[in-house]
Amino acid sequence: MSSLTDRYVQATLRRLPARQRTDIERELRASIADAVDDRVEDGGDTAAAEVAALTHLGDPARLAAGYADRPLQLIGPAVFLDYTRMLATLLASVVPVVAAVVAFLGAVDEAPWLTVAGDSLGAAVTTAVHIAVWTTVLYAIIERTPALRLTSGRPWTPDALPEPPSRRARWGELVAGTVVLVLVTTFILLSPVVSTEHDAKGDPIGVLSPWLFDTGFVWVFIAIGVASLGASFSRYYLSWSLPVAIAGSVVSATGAGVLGWAAATDHLLNPAFVTAAGWPAGIGTWLTAGLIALAGWTLLQTIIDAFAHSRRS
């Protein structure tokens with residue numbers, strides 16, 4: 001063989017483990033020689049036949065990767081579905097929760113709303129970037145580690161197929177959600193003027209803190225309720241997708257964060273109403289703790305729902 005074949009063989013072998021080189025060199029040289037002989041027997045020139053044979057084999061780096069069973073893609077088909085499912089789950093669940101927690105902490109510190117919104121958005125973007133980068137790195141390692149790759153994919157059986165959702169049941173949930181939203185909104189808006197307790201002048205004492213109405217923050221609660229119902233309708237009429245999941249998670253996490261913040265900063269109940277109603281002194285503390293626990297449960301449920309939907313997608 002000429003130096004052209006020698007150069008090709010060496011370019012291939014230097015990309016292979018030492019223990020494989022002897023056998024592969026013997027096999028590769030024999031294959032090239034056979035290909036050249038076939039072309040010469042067909043009437044071709046020896047030099048041209050050698051060039052054609054090497055051209056047919058292709059890039060030595062690609063050939064070496066085939067011999068070594070080394071993938072040339074970052075994330076290959078063996079783990080791609082698990083990779084996309086995990087990435088979708090983390091983005092749809094962790095990012096909204098982080099944004100809500102950052103917003104909650106900023107609100108507790110009584111930072112300006114623009115600062116709270118900016119910090120929350122920045123935390124969400126940073127978290128999403130880190131999730132995307134490190135999840136990709138993890139699955140790239142799995143792709144290149146045969147022992148991990150063999151255990152990365154769960155075996156599939158028809159039992160894994162999702163059950164068709166009952167549209168009747170889901171429609172019932174939407175109707176119930178709509179009714180609850182109307183009732184809660186009506187209660188909030190009528191709270192300042194309709195009450196079981198009155199002051200010395202006979203004016204009603206609302207259950208909710210006057211701060212909510214003086215600052216207009218009450219409309220934030222109503223907007224979150226409307227957005228939550230809109231997310232429920234989106235999940236009903238649209239199939240699961242990452243944008244829909246993230247939008248729903250953002251709404252749920254935001255609602256939980258706002259509720260927890262309002263309860264923790266005593267901006268929810270009206271102290272005057274608690275006093276006028278003769279409620280026990282510790283009732284406010286218990287209600288605050290219960291609302292914060294409810295907010296935490298909502299955040300947890302957001303993560304669980306996002307994970308469940310991504311696993312079925």
Exercise for the section: Determine whether region 166-187 contains at least one residue that is surrounded by 11 or more Cβ atoms within 10 Å (Cβ to Cβ), at pLDDT below 75 and of a type in the set (Lys, Arg). Expected result: yes
Just one listed residue, out of 111, 117, 123, is without any contact (Cβ under 8 Å) to a residue 60 or more places away in the chain, within 30 Å of residue 254 (Cβ to Cβ) and not in a helix (DSSP H, G or I), and it is 111
Against the condition among the hydrophobic types (A, V, I, L, M, F, W, C), under 27 Å from residue 73 (Cα atoms) and modelled with pLDDT of 90 or more, how does residue 16 come out, does it pass?
no
Picking from 51, 40, the residue that is in a helix (DSSP H, G or I), over 22 Å from residue 67 (Cα atoms) and not small (Gly, Ala, Ser) would be 40
Only one of 83, 67 is hydroxyl-bearing (Ser, Thr, Tyr), under 30 Å from residue 18 (Cβ atoms) and either crowded, with 17+ Cβ neighbours inside 10 Å or at pLDDT 90 or above (or both), namely 67
Checked 94, 101 against criteria (over 28 Å from residue 145 (Cα atoms) and either assigned to a helix (DSSP H, G or I) or in contact with a Gly (Cβ under 6 Å, 6 or more places away or on another chain) (or both)); the one match is 101
How many residues of region 1-22 are surrounded by 11 or more Cβ atoms within 10 Å (Cβ to Cβ) and either touching a His at 6+ places or on another chain (Cβ under 9 Å) or in a helix (DSSP H, G or I) (or both)? The answer is 12
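The values are calculated or read from the model by the stated rules, or taken from the named source; none is laboratory data. Only a predicted model underlies this, so the values are computations on that prediction, with no experimental measurement involved. Please note: Cβ atoms are built from the backbone with ideal geometry, for glycine as well, and neighbour counts cover all protein chains shown.
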